[in-house]
Amino acid sequence: MKQWKVIFQSAPIIIFLCLLSGGSCNRTVDAASDDAPAWLRQAASIPIQGYDKKVNAVVLVDDGTLKVEEDGRVTKGHRGAVRILTREGRAEARTRVIYQTDTEKVRDLKAWLIRPSGEVKKYGKEQIADISLADDDVYNESRVSVIIADNDAEPGAVFGVEWTTEDRSVFTQYPWYFQSDNPVVQSRFVVTLPVGWRAEAVTFNHPKIEPVVSGSTYTWELKDLPPVEEEPSGPRAGSLAASIAVSYFPAPNARSAAGRSFENWGDVSRWLTELSEPQAVLDDALATKAQSLSPRDAPELDRITAIGRYVQGVHYIAIQTGIGRGGGYRPHLSSEVFSKSYGDCKDKANLMKAMLKALKIPSYLVTIYSGDPTSVREEWPSPQQFNHCIIAVKVSDDTRAATIVNHPKLGRLLIFDPTDEDTPVGDLPDHEQGSLALIVAGDNGALMRMPVTPPESNRLERQSEVSLASTGAITGKIHEHTLGQAAVTARRELKHRPRADYVKIVERWITRGVNGASVTKVEPTDNSDGTFDLNVEFSGAAYAQLMRDRLMIFKPAVVARRDALFLTEKTRKHPVILDSQAYSETVRIKLPPGFDVDELPDATKLTAAFGAYSAACEVKEGFLIFKREMTIKSATVPVDQYAAVRSFFEKIRAAEQAPVVLARK
Amino acid sequence: MSPKPVRSLLLVLLLCAPLCLAVRAADDWRPVDPAHLAMKTPVVEKDADAEVIFWDVKIDDASEDLIFTNYVRIKIFTARGVETQSKVDLEYFGSHRIKDIAGRTIKPDGSIVELKKDAVFDRTLVKISGIKVKVKSFAMPAVEPGGLIEYRWKEVRGGVSANNVRLQFQRDIPVQLVKYWLKPMSGSPAGMNVQTFHGDVPRFVKDKDGFYSTSMTNMPAFHLEPRMPPEDNERTWALVYYSVEKYSDPNKFWSDFGKRIFESSKQLTKVNDDIKKAAAAAIGDASTAEAKLERLYEFCKTKVKNSNSPEAGLTAADRAKLKKNESPADTLKRGIGTGDDITMLFAALAAAAGFETRICLMADRSDIFFDRNIANPYFLNTTDAAVKVGNQWRFFDPGSLYLPFGLLRWQEEGVLALVPDSKESAFVPTPVSSAKTSMQKRTAHLKLSEDGTIEGEVRVEFTGHFAIEKKNDNDDDSATEREKNLTEEIKQHMSTAEVSQIKFENVTDPFKPFAYSYHLKTPGYAQRTGKRLFLQPGFFQYGNAAQFPTSNRVHPIYFKYPWSEEDSVTIDLPAGYALDNADAPQPFMAGEISKYEMKISVAEGRRLMINRSFFFGGNGTLLFPNTSYTPLKNLFDTLHERDNHTITLKQAASAQQ
C-alpha cells in the first residue's frame, strides 16, 4: 500500500523555473571560493565608461571559434563576458547553446558570475537546463542548453561563459554576428581549417572585414561597436547587425568527409533539389485526388487554384528530424503527407508539386525567408539564409496574376505559399513580397526577387450610410470590400477564432469609433475570388455632441479613424519599411433636421514618393459626404526622410480627428 | 480509396452499420454511433468548431500508483476544429508516465485511419538536475470537418494518491458527456471525499469493480473573459481529497481544525523578554490601541528588513544563505526575515503589548471565493495576524510589501478569516477598503496653443491598492526603465506626446503615496477648424478605450477593489480664442456604487478649470451577475462618453482672417 501523504500535483514548470532562476528553492550556493578563469578576470578588468544611461549591459568579450578536422568534424567554442550595468541588465546574465541532437553534442558548458564584491559563483552541470527549442512542433531535434543567472546578478557584476560543442553536421557555413542589442567592446571569430583548406567570408552591414590569416587560421575581429536597436516598421536586428558569413572549402582534390560546400546559388539549388526531388512521389491515390480536384478542361489558373486550395487545407504540423543532416530542407514523402493530411511548409509545397505533376504542370520548390524581405543577401549562397518553403508553378502566357515572375530559363512562374491558408493563389503574403528567394530547380535554380503586388491589389473599399438624429444618435450600415492582403487580414480574423470572438472584434472596432454602439448585424462573406466582404449595422445613442442645444459636433470618419501615430519617436536610426496598401471610403451622413452645416474640416491632400492621401467633405441634398483615400507603396524609406514619413501620417491622424460643426437653424 | 461524398443519412447508416461491428471486433474502441458521423451541427453550442462526444476518465487509486485511464472522442465540424484539435500534447514529469496511447480518425465516409505507433513522439521539454518535464505528442491523421477523432491513454503517477486531485468537467470546446470513475485507496484510515464546484455534479455512485462514478452532460466550452471572477470560481470542477475523520457538520470541522491551528501557531508567535522590550520601546508614549498597533506595524516595516523586497538588495544566492528564523525572537534579533516572519513578529509584539492575538488563516479571493460549508482547509492558504481591539478582531499583514497600516491585500479583503482558538474558533469577515482608500489623484497645469498643442506640468499620485500595485510594478526597475515604461504608457493614449522631466516619488516607501510627475507636450491635442478649436477637458481620459465594448457576457463581472479618481486640470487658453461653449458633461450616479461629476469653470477669462471625480465599488460592491452586464456596460459607456465630452473655443472676430 502506498504511503499516506499530501502530494504536490501541480505544474512541474514551476519547479524548473525555480531551479533555473536559483530562486526560492533553498539550493545551496556553490562555494565562494570558485575562481574565474584568467581570460574572464582580464575581461572583467576592462574599464567601462561613457555609455548612455539606457545601456543595460556591455559585452566585454565575444569570442567564437570553429575548428574543422579533415574528417569534417567541427568543434565550436565560445567565450563571452558581459558587464551588467542596470537592474534590467541582469537579464544578460544568461547563456544559451543551440544544438541539433542528431549531429551535435554540447561537450562542455560552464559559467561564472563575478559579483561587485569580487566573490565568484560558478555554474556547472547542476545549473544547466536543457530545453526543447520548438515545443510547438510535434517533434523537433533542435534543443538549447541554458544557464540563467539573472537572480544572482546585480549591477556591476560580470557574467562569463565558456562552451564547446562537437558537430558532425553537413553544413560548412557559419554566420557570426559582431553586434548585439548591447554595446560590444570586442568580438572575434576564429576559424581553424586543415592545411590546404580555405575559408571565405562575406560581410554584411559593415565595410568588408578582412581576416588576419595565420597558416590555416582565420581571425575576423571588430572592436567598440554600438548596440543595434530594432524600431517599429523597421528591419529586424539580424538584418542590421555587422556580421560575416563564413564558408569553408576542402583542399582541391582532397578526399574529405566534410559537408557540402556552396560556391554559388546553383550549388545550393542542386543540393536542395537532391534532397527534395525524390520526395515528390505521385502514387495512384494522390494522382486520383489531384485529377478529381482539377478538371482537365478548366483554365490553367483554375486548376492550379484548386490544387492550391486543397493543399492550404492540409493541416500545418511540423515534425523535424535529421536537421543536422539537412532534414530541415527535406520534405516528407508527398504520399505520406497526403494520407496523413498534415505537414509543415516544405511538406505542403512538395505535396502541391506532386499533385501538379499529376496534372502535368511543372513546379519548383522555393526557399525563402519569411518575416523580413530585407533578410536574404545575394552575396552569400547558402541554404541557411532561409526559414520557409513555398512553390513556383510554371504557367503559360495566357495565365495572368500579380504574382508571376519571369525566370530566364524556366519561363513564367506563379509564386504561391500553400502554408498561408488565407492568401489565395495569385497573391503572396506581404512579409514575403519583394524578398529574395531561391527557385530550387537543379542546374536551373536561381535566386530571384519575389513579386510585389501594387497597392490597388491590397485595397479596402468602405461604404458607410449613416443617419444622425437631432439628439446626436446615430444609426448606420457599413459595407467593406477587401482585396489582396487586406482581404487576408479580414479573412484571418474570421477564420481562426470562434464566431462569438469574431463578433467581439467587430464590436470593439465599431465602439472604438461610436461609443456605446449596439452592433445589430455582422455579416462576413469570404468570396471564392479571394476578396472578402463585411456588412455591419449599428446604432449609438450619443455619437454627435450637442452643445447648449445650439451646436452639434461629430467626426465624419465614423469608424477606423486613425487616432494614433505608429511612428511615435521624433528621431530614427533605421529605414521605415512600408507595405503596399490602399483604402478608399465614402461616408454618406444624413444630417439631422433643423440643423445647417456651420463648419467643415479643411480638405487634406498629401502626396509623397511612397504614397498619397486625401480627405474632403461636401454637403449635398441633406447629406454630408465624406471621402478619404490612401495609397501606400511598398517602400523602404531612408532615415533622412523619416521626418517626412512621420509628418505624412501625423497629418492623416489630424485630418481624421477633425470634426464637423452643425448649427441649429 | 477515394472518399465518397455523403449524400444522405440513409447512406451514412448503410455505410456505418457494418463498420461498427468491424470496429468492435477489431479493437476495444467503443462502437461509433452513425448518428455522430452524420451530425452536421453541434449539440451543445451551435457555433462550436468541434464538440466532445464523450470524455471518460477512470482514476484508480487502489494500486501502488495513481492511474488515470483517459478516452475521448471528438466530432470535428469546421476547418478551425481541425486546426485546434488535431495536435495532442500529453505532458508528464518526474515519476509520472504516459503509456498505451492509441488513436484513430474516423473520416466522414466512415473509413478509419489509425494513429501509427511511430507517429507518437516522446519529447523532453526541459531537463535540469536530473529532473525532466516530458511530453508525448502526436498529430491525428487525416482529420477533416465532418469526421471524428478519438484517442486514449494512461497516465501513471508513481507513488502518489488522488488526494487534492482536481477533476475538470469543462474544456475549451463543448462536451456532450463527461464521465469520471474513481476507485479509492484501499486500506487507508482516510476516506475519499469529492467536493464539486459551480455545477450540479451528481454524487459519485457505486459502479463496477470497486469504482464509483458520476457524469455530466452538455457542458459548454469554458472561455475566460476580462474582469471576471477567478477561473476556479466559474468553471465546473471537483476536488478529490481524503480525510481521516468524517464531518457531517462543517462547523464542528472548523472548530476542531481551529484548535489544532491554535496549538501549532503558539510557537510561531512566542513572546520572550526581547520581544517585550522591543514592543515597549516601539509603542513609546502611544496611548490608544490604534496608535500602539500603528507604532508596532511601523516598527515591523522599518526596523526589520523584508528579505523579499528589492530594497533589501539581496540576490537569490544571498537569500539562500540566510538562516531560517525559528521564532519571532530570531527575526527581531537578526533584523531580517521573510514576509511571514515579519507578520509573526508583529503578532508577538502585539501580544507582548497586551493584545489578544492569533495567526489567522484565510482564502485568497483571486484564487476562489471561499465557502465555509466545505469542510476542507485546502483553500485557506494565506496567513495574517489577527489582533483583538475592543470586541473586534482586526487583521494585519505587515509582511506584505508596501501594505500600509490598516489595509489588507485586496485578495484578502472581504473574505472570511478563520481566527483559531482553543475553544471556539470563529470565521470573521475581513473589511473591504473604501473607494477613497485607493485613489488616483491627478493634477495638470497646461497651456493650449492656437495650433492645438497642449503643454504643461502633470502629476499623478496613487494611494491604497493602486499604490501597492504601482510599487510592485516599479520597484525592480531602474530609473531609466521606469521612465521608458511611463512614456510608453502615456503614448498609448496620446501617441504624439513628448514627455520629459519625469520624476518618480516613493517607489519603495511602504507608507507614502506612489507618485510621478512630468512635463508634457502633445501636438494635435485639440482639433482646429477654420474658426474653432475643439478641446477634450477630460485630459487624463484622452485616448481611453471603452471598458466594456462587447455586447454579450457569459461570466459575472468582478472588480478587484473599490477605487476613486480625483482630477484637477487647468488649461490656459490661447490668445485670440474665447470659449464658445463650456458646458460640463452631466453628472451621474448609480446608488451608492458609483458617482461621476465633472465641473468646468473659467478663471480670469483665460483659464479653464476642470475638476473631475469618479468612484466605483461603493459599499464594497465588486461582483455583478452577468444579468447585470447591460446596466453595468451602460454605466461605463456613459462614463466614456462624458469623459470624451468636447468644448469649443471660437476665434475672436478680430483674429479671423
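The values are calculated or read from the model by the stated rules, or taken from the named source; none is laboratory data. Note that the structure is a prediction, hence the values are computed from the model and not measured. Note: ideal-geometry Cβ built from the backbone for every residue, glycine included; neighbour counts use all protein chains shown.
Looking only at the range B:265-290, which residues are among the hydroxyl-bearing types (Ser, Thr, Tyr) and in a helix (DSSP H, G or I)?
B:Ser265, B:Thr269
So which residues in the range A:315-333 are facing chain B (nearest Cβ under 10 Å), touching a residue at least 60 places away in the same chain (Cβ under 8 Å) and under 22 Å from the mean Cα position of the chain (by Cα), if there are any at all?
Filtering the range A:315-333 down to residues facing chain B (nearest Cβ under 10 Å) leaves A:315-319, A:321.
Checking which are touching a residue at least 60 places away in the same chain (Cβ under 8 Å) leaves us with A:316-319, A:321.
Answer for the range A:315-333, where residues must be facing chain B (nearest Cβ under 10 Å), touching a residue at least 60 places away in the same chain (Cβ under 8 Å) and under 22 Å from the mean Cα position of the chain (by Cα): A:Tyr316, A:Ile317, A:Ala318, A:Ile319.
Would you mind finding the one in A:Leu414, A:Leu428 that is free of Cβ contacts under 8 Å to residues at least 40 places away in the same chain and surrounded by 22 or more Cβ atoms within 10 Å (Cβ to Cβ)?
Numbers: A:Leu414 fails: free of Cβ contacts under 8 Å to residues at least 40 places away in the same chain.
Matching residue, one of A:Leu414, A:Leu428: A:Leu428.
Quick one: A:Lys110 ticks every box in (1) surrounded by fewer than 22 Cβ atoms within 10 Å (Cβ to Cβ); (2) touching a Pro at 6+ places or on another chain (Cβ under 7 Å); (3) within 19 Å of A:Gln42 (Cβ to Cβ); (4) not aromatic (Phe, Trp, Tyr) bar one, so which box is it?
In the conditions (1) surrounded by fewer than 22 Cβ atoms within 10 Å (Cβ to Cβ); (2) touching a Pro at 6+ places or on another chain (Cβ under 7 Å); (3) within 19 Å of A:Gln42 (Cβ to Cβ); (4) not aromatic (Phe, Trp, Tyr), A:Lys110 misses (2) alone.
Looking at the structure I just gave you, is B:Ser422 farther than 30 Å from B:Leu380 by Cβ and at pLDDT below 95? Break it down into steps so the answer makes sense when it comes.
On the way: farther than 30 Å from B:Leu380 by Cβ: no; at pLDDT below 95: yes.
It is false that B:Ser422 is farther than 30 Å from B:Leu380 by Cβ and at pLDDT below 95.
For residues in the range B:128-146 being more than 30 Å from B:Lys40 (Cβ to Cβ) and touching a Ser or Thr at 6+ places or on another chain (Cβ under 9 Å), which is surrounded by the fewest Cβ atoms within 10 Å (Cβ to Cβ)?
First, the residues of the range B:128-146 that are more than 30 Å from B:Lys40 (Cβ to Cβ): B:128-137.
Then drop every residue that is not touching a Ser or Thr at 6+ places or on another chain (Cβ under 9 Å), which leaves B:132-135.
Working: B:Lys132: 16, B:Val133: 22, B:Lys134: 21, B:Val135: 19.
The qualifying residue surrounded by the fewest Cβ atoms within 10 Å (Cβ to Cβ) is B:Lys132.
Could you name every one of the strands (runs of 3 or more DSSP E) located completely within the range A:438-526 that has at least 3 residues being within 14 Å of chain B (Cβ to nearest Cβ), on the phi > 0 side of the Ramachandran plot and of a type in the set (D, E, K, R)? Give the derivation first.
Details: elements: A:446-449, A:459-468, A:474-482, A:518-526.
It comes to none.
Residues to consider are A:Arg90, A:Arg168, A:Arg107; find the one that is among the basic types (Lys, Arg) and either within 29 Å of the chain's Cα centre (by Cα) or closer than 30 Å to B:Lys484 by Cβ (or both). First the steps, then the outcome.
On the way: A:Arg168 fails: either within 29 Å of the chain's Cα centre (by Cα) or closer than 30 Å to B:Lys484 by Cβ (or both); A:Arg107 fails: either within 29 Å of the chain's Cα centre (by Cα) or closer than 30 Å to B:Lys484 by Cβ (or both).
The conditions single out A:Arg90.
Where in the range A:534-606 are there strands (runs of 3 or more DSSP E), lying fully within it, with 1 or more residues that are farther than 30 Å from A:Ala241 by Cα and out of contact with any Leu (no Cβ under 8 Å at 6 or more places or on another chain)?
Details: elements: A:545-547, A:551-554, A:576-578, A:581-590, A:595-599.
Of the strands (runs of 3 or more DSSP E) lying wholly inside the range A:534-606, those with at least 1 residues that are farther than 30 Å from A:Ala241 by Cα and out of contact with any Leu (no Cβ under 8 Å at 6 or more places or on another chain) span A:545-547, A:581-590, A:595-599.
Output the strands (runs of 3 or more DSSP E) that fall wholly within the range A:52-122 and possess 3 or more residues being in contact with a Ser or Thr (Cβ under 8 Å, 6 or more places away or on another chain) and under 22 Å from A:Val185 (Cα atoms), or say none. Please lay out each step first, then the result.
Values: elements: A:57-68, A:74-84, A:94-100, A:104-114.
Counting at least 3 such residues, we get A:57-68, A:74-84.
I'd like to check something: does the range B:513-520 contain any residue that is more than 10 Å from chain A (Cβ to nearest Cβ), closer than 30 Å to B:Glu311 by Cβ, under 24 Å from the mean Cα position of the chain (by Cα) and not β-branched (Val, Ile, Thr)?
yes
Return the pair list, or none, for Cβ contacts closer than 6 Å from residues in the range B:543-564 that are within 14 Å of another protein chain (Cβ to nearest Cβ) to residues that are of a type in the set (Val, Ile, Thr) and crowded, with 21+ Cβ neighbours inside 10 Å, at least 6 apart or on different chains.
If the second residue must be of a type in the set (Val, Ile, Thr) and crowded, with 21+ Cβ neighbours inside 10 Å, the pairs left are B:Ala546/A:Thr511; B:Pro549/A:Thr511.
Please work out which one of (1) touching a Ser or Thr at 6+ places or on another chain (Cβ under 6 Å); (2) farther than 30 Å from A:Val120 by Cβ; (3) assigned to a helix (DSSP H, G or I) is the condition B:Glu311 fails and give its number.
Going through (1) touching a Ser or Thr at 6+ places or on another chain (Cβ under 6 Å); (2) farther than 30 Å from A:Val120 by Cβ; (3) assigned to a helix (DSSP H, G or I) one by one, B:Glu311 breaks only (2).
Across the range A:278-308, what is the total count of residues that are in contact (Cβ under 8 Å) with a residue 12 or more places away in the chain and closer than 17 Å to A:Asp347 by Cβ?
So the answer is 11.
Let me confirm something: among B:Arg152, B:Arg171, which residue is away from chain A (no Cβ under 13 Å), surrounded by fewer than 22 Cβ atoms within 10 Å (Cβ to Cβ), assigned to a loop (DSSP other than H, G, I, E, B) and out of contact with any Cys (no Cβ under 7 Å at 6 or more places or on another chain)?
Details: B:Arg152 fails: assigned to a loop (DSSP other than H, G, I, E, B).
Residue meeting the stated conditions: B:Arg171.
Being farther than 26 Å from A:Val660 by Cα and either surrounded by 17 or more Cβ atoms within 10 Å (Cβ to Cβ) or among the charged types (D, E, K, R) (or both) narrows it down to one residue among B:Ala515, B:Ala546, B:Ala497, B:Ala526; which is it?
Numbers: B:Ala546 fails: farther than 26 Å from A:Val660 by Cα; B:Ala497 fails: farther than 26 Å from A:Val660 by Cα; B:Ala526 fails: farther than 26 Å from A:Val660 by Cα.
Result: B:Ala515 is the single residue among B:Ala515, B:Ala546, B:Ala497, B:Ala526 that is farther than 26 Å from A:Val660 by Cα and either surrounded by 17 or more Cβ atoms within 10 Å (Cβ to Cβ) or among the charged types (D, E, K, R) (or both).
From the list B:Asp572, B:Asp567, B:Asp637, B:Asp580, which one is of a type outside the set (S, T, N, Q), within 14 Å of chain A (Cβ to nearest Cβ) and over 20 Å from B:Glu225 (Cβ atoms)?
Working: B:Asp572 fails: within 14 Å of chain A (Cβ to nearest Cβ); B:Asp567 fails: within 14 Å of chain A (Cβ to nearest Cβ); B:Asp637 fails: over 20 Å from B:Glu225 (Cβ atoms).
Just one listed residue meets the conditions, B:Asp580.
Is it fair to say B:Lys276 is among the basic types (Lys, Arg) and modelled with pLDDT of 95 or more?
Numbers: among the basic types (Lys, Arg): yes; modelled with pLDDT of 95 or more: yes.
So B:Lys276 passes the test.
Look through the range B:89-104, keep the residues that are within 28 Å of B:Gly147 (Cα to Cα) and within 9 Å of chain A (Cβ to nearest Cβ), and return whichever of them is surrounded by the most Cβ atoms within 10 Å (Cβ to Cβ). Working first, answer last.
So in the range B:89-104, the residues within 28 Å of B:Gly147 (Cα to Cα) come out as B:89-91, B:98-104.
Now restrict to residues that are within 9 Å of chain A (Cβ to nearest Cβ): B:89, B:91.
Numbers: B:Asp89: 14, B:Glu91: 17.
My answer is B:Glu91.
Just a yes or no: is a residue in the range B:467-479 touching a residue at least 60 places away in the same chain (Cβ under 8 Å), out of contact with any Lys or Arg (no Cβ under 8 Å at 6 or more places or on another chain) and not assigned by TED's automatic domain parsing to the domain that holds B:Tyr542?
No, there is no match, as no residue in the range B:467-479 is touching a residue at least 60 places away in the same chain (Cβ under 8 Å), out of contact with any Lys or Arg (no Cβ under 8 Å at 6 or more places or on another chain) and not assigned by TED's automatic domain parsing to the domain that holds B:Tyr542.
So which residues in the range A:535-573 are surrounded by 20 or more Cβ atoms within 10 Å (Cβ to Cβ) and more than 14 Å from chain B (Cβ to nearest Cβ), if there are any at all?
A:Val558, A:Arg572
Taking the condition part of a loop (DSSP other than H, G, I, E, B) and buried (at least 19 other Cβ atoms within 10 Å of the Cβ), does B:Gly81 pass? Even if it seems obvious, please write down each step before you answer.
Working: part of a loop (DSSP other than H, G, I, E, B): no; buried (at least 19 other Cβ atoms within 10 Å of the Cβ): yes.
The answer is no for B:Gly81.
Report yes if some residue within the range A:168-175 is touching a residue at least 40 places away in the same chain (Cβ under 8 Å), over 20 Å from A:Gly80 (Cβ atoms) and touching a Phe, Trp or Tyr at 6+ places or on another chain (Cβ under 8 Å); otherwise report no. Outline the logic, then answer.
The initial filter retains those residues of the range A:168-175 that are touching a residue at least 40 places away in the same chain (Cβ under 8 Å), namely A:168-175.
Going one step further and asking which of them are over 20 Å from A:Gly80 (Cβ atoms), we end up with A:168-173.
With touching a Phe, Trp or Tyr at 6+ places or on another chain (Cβ under 8 Å) added as a condition, the list becomes A:172-173.
The answer is yes, given that some residue of the range A:168-175 is touching a residue at least 40 places away in the same chain (Cβ under 8 Å), over 20 Å from A:Gly80 (Cβ atoms) and touching a Phe, Trp or Tyr at 6+ places or on another chain (Cβ under 8 Å).
How many residues does the range B:190-243 hold that are touching a residue at least 24 places away in the same chain (Cβ under 8 Å) and either assigned by TED's automatic domain parsing to the domain that holds B:Leu623 or outside any loop (DSSP other than H, G, I, E, B) (or both)?
The qualifying residues number 26.
Of these, B:Ala142, B:Ala102, which one is of a type in the set (Gly, Ala, Ser) and assigned to a strand (DSSP E or B)?
On the way: B:Ala142 fails: assigned to a strand (DSSP E or B).
Exactly one of B:Ala142, B:Ala102 is of a type in the set (Gly, Ala, Ser) and assigned to a strand (DSSP E or B), namely B:Ala102.
Being over 29 Å from the mean Cα position of the chain (by Cα) and within 12 Å of chain A (Cβ to nearest Cβ) is the filter here; which residues of the range B:69-88 pass it?
Going residue by residue through the range B:69-88, those that are over 29 Å from the mean Cα position of the chain (by Cα) are B:69-79, B:82, B:86.
Scanning the range B:69-88 gives B:Ile76, B:Phe77, B:Thr78, B:Ala79, B:Val82, B:Ser86.
Looking at the structure I just gave you, is B:Val135 hydrophobic (A, V, I, L, M, F, W, C), within 30 Å of A:Gln312 (Cβ to Cβ), at the interface with chain A (Cβ under 10 Å from one of its Cβ atoms) and without any contact (Cβ under 8 Å) to a residue 24 or more places away in the chain? First the steps, then the outcome.
Numbers: hydrophobic (A, V, I, L, M, F, W, C): yes; within 30 Å of A:Gln312 (Cβ to Cβ): yes; at the interface with chain A (Cβ under 10 Å from one of its Cβ atoms): yes; without any contact (Cβ under 8 Å) to a residue 24 or more places away in the chain: no.
Against the criterion (hydrophobic (A, V, I, L, M, F, W, C), within 30 Å of A:Gln312 (Cβ to Cβ), at the interface with chain A (Cβ under 10 Å from one of its Cβ atoms) and without any contact (Cβ under 8 Å) to a residue 24 or more places away in the chain), B:Val135 does not qualify.
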